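Reading through the structure tokens given below for one structure.
The values are calculated or read from the model by the stated rules, or taken from the named source; none is laboratory data. Source: prediction; values computed, not measured. Here Cβ is always computed from backbone atoms with ideal geometry, including for glycine, and neighbour counts include all displayed protein chains.
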Amino acid sequence: MDPVHSAVQFSVRHLGISTIRGRFNDASATLEVGDDLGGTSLNAHVGMGSIDTGNPDRNGHIQSSDFFNAEANPKLTFTSSAITDNGDGKYTVTGTLTMNGHSNEETLAVEFFGTEENPLDGSLRAGFAATGRISRSTYGNEWNVPLAAGGIMLGKEVDLTLDAQLVGPSAE
């Protein structure tokens, strides 16, 4: 995965009235392409200490044991178990997401944008976008604060958005 042309982002509701967005600045992914989708696999890793929400205090809190416990669980991993072609460049990728010491099966909706040769270095590039939604509590993220008018400070679900440009071998 080309880190300069890729992003791992998330969003979660805050106070029930707005959305907080963030990203992880340390992410990598490898797509092993087989003869067919059954032989193709995706592996991704995200450094939990690389979270960036635009607020250093919030970043530190999210890295604490209230959320990710990043010191004890420094990496989020995703390993695909099945990739399904839904037609028109759209795919479903199912796999095991491990975060904060918890592993669960998750499914991502993926759109494939095609391939192109990079004229600067001759490498083959492939573009993808993926989206998904996970439950915080499934990964041990129970921290919250009740609100005076009812409800809770943080949404129970987190939306994931991934934009990836993968680098293949150089054309020769």
Worksheet, complete the sentence: Scanning region 56-69 residue by residue, the ones that are farther than 15 Å from ARG136 by Cβ and among the small types (Gly, Ala, Ser) total 1
Fill in: Given (1) surrounded by 12 or more Cβ atoms within 10 Å (Cβ to Cβ); (2) within 14 Å of PHE24 (Cβ to Cβ); (3) not polar (S, T, N, Q), index of the condition GLY54 fails
(1)
Discussion item. For region 60-70, which positions are in contact with a Gly (Cβ under 8 Å, 6 or more places away or on another chain) and of a type outside the set (A, V, I, L, M)?
Written reply: GLN63, ASN69
Fill in: Among residues of region 126-151, those that are exposed (fewer than 14 other Cβ atoms within 10 Å of the Cβ), under 20 Å from PHE10 (Cβ atoms) and without any contact (Cβ under 8 Å) to a residue 12 or more places away in the chain, counted
2
Practice prompt. Return the residue satisfying two criteria in turn: it lies in region 30-58 and is at pLDDT below 95 and part of a strand (DSSP E or B), and of such residues it is nearest to VAL93 (Cα to Cα).
Written response: LEU31
Discussion item. Among the listed residues SER41, SER6, identify the single one that is more than 15 Å from ASN59 (Cβ to Cβ), surrounded by 14 or more Cβ atoms within 10 Å (Cβ to Cβ), without any contact (Cβ under 8 Å) to a residue 60 or more places away in the chain and touching an Asp or Glu at 6+ places or on another chain (Cβ under 7 Å).
Written reply: SER41
Item to complete: Answer yes or no as to whether SER18 is among the hydroxyl-bearing types (Ser, Thr, Tyr), in contact with a strand residue (DSSP E or B) (Cβ under 7 Å, 6 or more places away or on another chain) and either surrounded by fewer than 17 Cβ atoms within 10 Å (Cβ to Cβ) or farther than 21 Å from ARG125 by Cα (or both).
Response: no
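Going through region 82-125 one residue at a time, which ones are among the acidic types (Asp, Glu), over 19 Å from VAL167 (Cβ atoms) and surrounded by 14 or more Cβ atoms within 10 Å (Cβ to Cβ)?
GLU106, the sole residue that qualifies.
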Discussion item. All but one of (1) over 19 Å from ALA130 (Cα atoms); (2) in contact with a His (Cβ under 6 Å, 6 or more places away or on another chain) hold for LEU15; state the number of the condition that does not hold.
Written reply: (2)
